[in-house]
Structure formats: C-alpha cells, structure tokens
Amino acid sequence: MTAWINKGCGVITCKRFILCSLGALLVLLGVACDSGYSDQEESSGNAIAVRRAPPDMGSPAPDFQLIDLQGNWQALPDYRGKVVLLNFWATWCGPCRVEMPSMERVYQDLKDEGFAILAISSDPQGSIVTRPFVAAQGLTFPILHDSDYRVSGSYGVRTLPMSFLIDRNGTLTQRVFGARDWNSAEARELIRGLLRES
C-alpha cells in the first residue's frame, strides 16, 4: 500500500518525499564545511592552538599577525580605520571556493572607500595549495595562512567558511556562518553602512 502526502499543489508518494528531503538536507549541509578542529587543544610542533567560543559581537576583534602569500607579516591592527571582512576558509572547502569570486568583486568595487578583506586559510600545506588557487581565481585581496589554527581558534571557528565584519574601530559587528554572495545588494548595503560610520 502506497502512502500519500498532500504537499501544496500536488500529491507525492512517501518514498519520493523522503528522497526529496534527503536531497534538501545534503544541499543545506553543503553550505559550510567542518573545519576539522576538535574541542581539545591541538598540537602543531611547539605551538598549541585552543579553540574558544566565538567572541561576542560588539567586542574588539582579537588581534593577530599572520604571513601572507608574499611572505610579509599582516597584522589586524594595521587595518584600523578600515572596514574589514575577515574570512576563514580552505582550498578543500567547496562552499569557500564558491563565495570567493563574489568577495573579489565587492573588494574591487569598495577597496578605495576603506574596505579590506583578509582571507585566512587553514590549509596545512600553506602557500603550496593556496598560491595556485589564488592565481586560478584571480584574487587580489590578502591571503593569510593559519596552518596551526591559532587565529582560527581565537575566533571560535568550527565550520568553514566563517566570516566576521569588523568596523573602522576594530569592533566585531557581524558573524556569518557558511558561504554568502558578498556581491549581493544586501551584503553591499551592510558593508556600505559600516563604511559610512566614522
């Protein structure tokens, strides 16, 4: 005997409903990747990274200093006075790869107005994997490396991508889980609102 479920405009079988539900669940799970961080301390050589709870919105963004693709140190305090999109990602994370082109577009349009992006990769291989990815995508914003998860841990990153918006005073204003279209009208208005604030 076949069970029937009335769904909106049509009627579908229970078996088909279950398959559709599973497909929707897989799509939702694809919005973010597990970062792979455990709740325990993680050892990487002599460095130990501890994952903490994400910082509260309205609090100062935790400072950090990381190396970029050119071998230069980049420190968050150097970006004080700019609105910063801080993005945690990895090359193996599908949703991270999907959102990068929209990040590049909004960066190109707003960088002269005081907008910056710092994309922090947790790839343990560092520039060996990020450099070809950046070249293939044509990315121009700074890519930093956090292979020991020290900075990711201080921001409580559990899934990738995870992003934070930081205002001109260095205060955390937004935490965003999963991939987003940063070039959308809503995202642009959010960023422009922060750029208008002094």
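The values are calculated or read from the model by the stated rules, or taken from the named source; none is laboratory data. Please read these numbers as outputs of a predicted model, since none were measured by experiment. Neighbour counts are summed over all protein chains in view; Cβ atoms, including those assigned to glycine, are modelled from backbone coordinates with ideal geometry.
For the stretch 160-198, how many residues meet the condition of being polar (S, T, N, Q) and out of contact with any Pro (no Cβ under 9 Å at 6 or more places or on another chain)?
Counting residues in the stretch 160-198 that are polar (S, T, N, Q) and out of contact with any Pro (no Cβ under 9 Å at 6 or more places or on another chain) gives 5.
Out of the stretch 95-145, which residues are β-branched (Val, Ile, Thr), free of Cβ contacts under 8 Å to residues at least 60 places away in the same chain and closer than 25 Å to Pro77 by Cβ?
Ile117, Ile120, Thr140
Mind checking which helices (runs of 4 or more DSSP H) fall wholly inside the stretch 112-198 and carry at least 1 residues that are within 14 Å of Trp89 (Cα to Cα) and at pLDDT 95 or above?
Per the criteria, 127-137, 150-154.
Can you name the residue in the stretch 37-77 that is surrounded by 15 or more Cβ atoms within 10 Å (Cβ to Cβ) and at pLDDT below 50 and, of all such residues, is farthest from the chain's Cα centre (by Cα)?
Per the stated criteria, the residue is Glu42.
So which residues in the stretch 94-117 are hydrophobic (A, V, I, L, M, F, W, C) and over 16 Å from Val176 (Cα atoms), if there are any at all?
Taking the stretch 94-117 as the starting set, the residues that turn out to be hydrophobic (A, V, I, L, M, F, W, C) are 96, 98, 100, 103, 106, 110, 115-117.
Scanning the stretch 94-117 gives Val106, Leu110, Phe115, Ala116.
In the stretch 159-198, how many are under 13 Å from the mean Cα position of the chain (by Cα), surrounded by fewer than 19 Cβ atoms within 10 Å (Cβ to Cβ) and in contact (Cβ under 8 Å) with a residue 24 or more places away in the chain?
Within the stretch 159-198, residues that are under 13 Å from the mean Cα position of the chain (by Cα), surrounded by fewer than 19 Cβ atoms within 10 Å (Cβ to Cβ) and in contact (Cβ under 8 Å) with a residue 24 or more places away in the chain number 6.
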